[in-house]
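Student: Encoded as structure tokens, here's the structure I'll be asking about.
The values are calculated or read from the model by the stated rules, or taken from the named source; none is laboratory data. Since we're looking at a predicted model, the values are computed, not measured. All Cβ positions, even for glycine, are placed from backbone atoms using ideal geometry, and neighbour counts span all protein chains on display.
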Amino acid sequence: MWIVIAIVLIAVALLLIPAMYFGAKVLQKREPYATVLKLRTRQKLRFFRLALSDSRVPRRVKLIPLFLVLYLLMPIDIIPDFIPVLGYLDDVALIAAALALMIKLMPRDVVMDLIQEAAS
């Protein structure tokens, strides 16, 4: 039984790691994702904080971080966190996907304004 679980987890990791890598490579070539990825960590955090407080950002976009935080706080996980590396890998992938979805659902001019404000 444990061998089957281990094989499944390894298979998930072997699929998830390249998907995250190539997904990041694709986003680095597209705007506005490329500009957001170039921001420093504090600037990225400021960008998303500004997005949550901006009235031009749709409400459905503001709900994404709420659902993300609720998922991260739940004790039930896609891959349990006690499994080394893999346990946190799904969380990182989910965070990256949520942030990319937020950028995709925001109007482009709003994203560019928030990037400029966060970078200054």
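Student: For the list (1) surrounded by fewer than 13 Cβ atoms within 10 Å (Cβ to Cβ); (2) more than 30 Å from residue 5 (Cα to Cα), I need the number of the one condition that residue 48 fails.
Tutor: (1)
Student: A follow-up question, please. Given the criterion of a type in the set (A, V, I, L, M, F, W, C), under 20 Å from residue 36 (Cα atoms) and modelled with pLDDT of 85 or more, identify the matching residue among 93, 100. Before the answer, list the steps.
Tutor: Numbers: 93 fails: modelled with pLDDT of 85 or more.
The match here is 100.
Student: On to the next question. Please determine whether any residue of segment 38-50 is outside any helix (DSSP H, G or I) and either within 13 Å of the chain's Cα centre (by Cα) or more than 16 Å from residue 100 (Cβ to Cβ) (or both).
Tutor: Of segment 38-50, the ones outside any helix (DSSP H, G or I) are 39-40.
Subset that is either within 13 Å of the chain's Cα centre (by Cα) or more than 16 Å from residue 100 (Cβ to Cβ) (or both): 40.
Looking for residues that are outside any helix (DSSP H, G or I) and either within 13 Å of the chain's Cα centre (by Cα) or more than 16 Å from residue 100 (Cβ to Cβ) (or both), one finds at least one in segment 38-50, hence yes.
Student: In this structure, is residue 47 at pLDDT 70 or above, more than 20 Å from residue 118 (Cβ to Cβ) and not β-branched (Val, Ile, Thr)? Don't jump to the end; show me each part of the working.
Tutor: Values: at pLDDT 70 or above: yes; more than 20 Å from residue 118 (Cβ to Cβ): no; not β-branched (Val, Ile, Thr): yes.
Taking the combined requirement at face value, the residue does not satisfy it.
Student: Go through segment 86-111 and report how many residues are over 21 Å from residue 15 (Cβ atoms) and either of a type in the set (Gly, Ala, Ser) or in a loop (DSSP other than H, G, I, E, B) (or both).
Tutor: Qualifying residue count, segment 86-111: 2.
Student: Residue 78 is checked against (1) surrounded by fewer than 16 Cβ atoms within 10 Å (Cβ to Cβ); (2) over 14 Å from the mean Cα position of the chain (by Cα); (3) in a helix (DSSP H, G or I) and fails just one. What number does that condition carry?
Tutor: (3)
Student: Are any residues in segment 100-120 surrounded by 13 or more Cβ atoms within 10 Å (Cβ to Cβ) and in contact (Cβ under 8 Å) with a residue 60 or more places away in the chain, and if so, which ones?
Tutor: 100, 103, 111, 112, 114, 115, 117, 118, 119
Student: List pairs: first residue in segment 4-33 and surrounded by 14 or more Cβ atoms within 10 Å (Cβ to Cβ), second residue modelled with pLDDT under 70 anywhere in the structure, Cβ distance under 7 angstrom, at least six positions apart or on different chains.
Tutor: Correct list of pairs: 33/27.
For every residue, the table says whether it meets (1) out of contact with any Gly (no Cβ under 7 Å at 6 or more places or on another chain); (2) closer than 28 Å to residue 15 by Cβ; (3) not in a loop (DSSP other than H, G, I, E, B).
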position: 36; (1), (2), (3): yes, yes, yes
position: 57; (1), (2), (3): yes, no, no
position: 64; (1), (2), (3): yes, yes, yes
position: 84; (1), (2), (3): yes, yes, no
position: 113; (1), (2), (3): yes, no, yes
